[in-house]
Amino acid sequence: MSKQNVGDFKIMDKNFDIIYGKNSVIEALSTDNREINKILISKNIHTDTKIDRIKELAQSKGIVYQFVGKDKFQPYEEFNHQGVIAQISPIKYTELEDFIEKSKNKAGYKSLVILDGVEDSHNLGAIIRTCVCAGVDGIIIPSRRNVPVNSTVEKISAGAINFIPIIKVNSLISAVQRLKENDWWVIASDATAKDNYYDVKYNDMNFALIMGAEHAGVSKSLLKASDFVVKIPMQNNFNSLNVSNALSAIIFETVRQKLK
């Protein structure tokens, strides 16, 4: 039986990450991408359909779950954990070369999002969720100067992190060059661009969309390497969209064009 007396939750086990929230845990249980070590459920929350689903999935996979007192959740009081925490293996990053080769065997045109210096966990989580909903094929992040995939990212993504390849690279410029060598077109978003994002025809090419940090934007070297540079037109002289909102506007324009 999955409910066992397993003792204290080893928060600092270096082989596992922590995720929290009902949806994040359900999505992690629903895929076989990552190993779940154990799940803690608070005794102080009311059982609902999501808690029942967590117990059902855990039992079917032979994963330990345990009902514990609220003291076990004290280290996570700053998070909206909803009374559920799981100890899970880190995400497995996809190699860029593997992604390129696999994409050649997929029918239709493919899409990627490249993130240049996005340092806010909430933005990254929201971007991942948007990309999964829009059918984006993968996300490229740099190994430095970018927020890592952590428990907050996983929570904000509502578990979507388990449904899209995340590609970590040492050099975004090198990644862009490899994509261009393999029949990908590169599009960068920049507030000073001449062309609007809806003027590009996205549905007849493999494309990679570069989004930059909110204050710094896309780096000059990546802008120079891009085939298209586009902007979101603003009605007032005030650039108020954060990167996740800006991405949503552009990426769902690509969806609209595909569905025409």
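The values are calculated or read from the model by the stated rules, or taken from the named source; none is laboratory data. Here the structure is a predicted model, which means the values were calculated and not measured. Methodologically, a virtual Cβ is constructed for each residue, glycine included, from the backbone with ideal geometry; neighbour enumeration extends over all protein chains shown.
Considering only helices (runs of 4 or more DSSP H) fully contained in segment 166-260, which possess at least 1 residues that are on the phi > 0 side of the Ramachandran plot?
The helices (runs of 4 or more DSSP H) meeting that bar number zero.
Exactly one condition in (1) within 24 Å of the chain's Cα centre (by Cα); (2) touching a residue at least 40 places away in the same chain (Cβ under 8 Å) is not met by Asp204; state its number.
Failing condition for Asp204: (1).
Across segment 89-115, what is the number of residues that are touching a strand residue (DSSP E or B) at 6+ places or on another chain (Cβ under 8 Å), within 26 Å of Glu253 (Cβ to Cβ) and charged (D, E, K, R)?
So the answer is 1.
List pairs: first residue in segment 166-181 and assigned by TED's automatic domain parsing to the domain that holds Arg129 and farther than 16 Å from Asp137 by Cα, second residue of a type in the set (Ser, Thr, Tyr) and surrounded by 18 or more Cβ atoms within 10 Å (Cβ to Cβ) anywhere in the structure, Cβ distance under 6 angstrom, at least six positions apart or on different chains.
Here the result reads none, with nothing in segment 166-181 linked to a residue that is of a type in the set (Ser, Thr, Tyr) and surrounded by 18 or more Cβ atoms within 10 Å (Cβ to Cβ).
Check whether at least one residue in segment 79-98 is without any contact (Cβ under 8 Å) to a residue 40 or more places away in the chain and part of a loop (DSSP other than H, G, I, E, B), and report yes or no.
No, every residue in segment 79-98 fails to be without any contact (Cβ under 8 Å) to a residue 40 or more places away in the chain and part of a loop (DSSP other than H, G, I, E, B).
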